[in-house]
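To start, the structure itself, in structure tokens.
Laboratory data are not the source of any read-out in this text; all were calculated from the coordinates shown. Predicted model only: the values in this text are computed from it and were never measured. When we count neighbours, we look across all protein chains shown, and the Cβ atoms used for this are built from the backbone with ideal geometry, even at glycine.
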Amino acid sequence: MLTRSERKIQKHIDWRRNEGYGFQYQELPAFRCDGVLNVFCPDCLTWHVHGGGKGPGDCDGHRAAHCMFETAFKNPGYVLREVGQVDEQFLNTYEKQWRSSVKREQDLRKRQREERESQENQSETHEVAEVAEVAV
């Protein structure tokens, strides 16, 4: 059973997975903590910190991404939507859940790729055996 904050985090993770990359600017949730807005980048898997303005909702809108390397957000940036005030513990939990979600997806893709390669190898072995039978 997920806590209320964990459900909130999972909702944002699911939203990011289902939306985004097809749009010019992806909207990302921004969390206010200690007067600044924190945005977790789904590409470089780090927190980007933006000025918090005078109050809630002041800084919603387009921002340049702070990615250190080329990512899907580096050039176009993203749109921030402040979702609320949080504490440091929430930010740490959010990051852990997002990273574990990415790890699960990477593991799944790796298994799928290995299965495809295995099937291709079996198919090639079967074709070689058929050619050998015809030659004999």
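Just a few scattered comments:
- Sequence ranges 90-100, 28-38, 72-82, ranked by mean other-Cβ count within 10 angstrom, highest first: 28-38, 72-82, 90-100
- Close amide H contacts of residue 71 (hydrogens built in the peptide plane, cut-off under 5 Å, sequence separation of 5 or more or a different chain): none are found.
- Between the amide H of residue 27 and those of 79, distances stay under 5 Å, these residues lying 5 or more places away or on another chain, with hydrogens modeled in the peptide plane.
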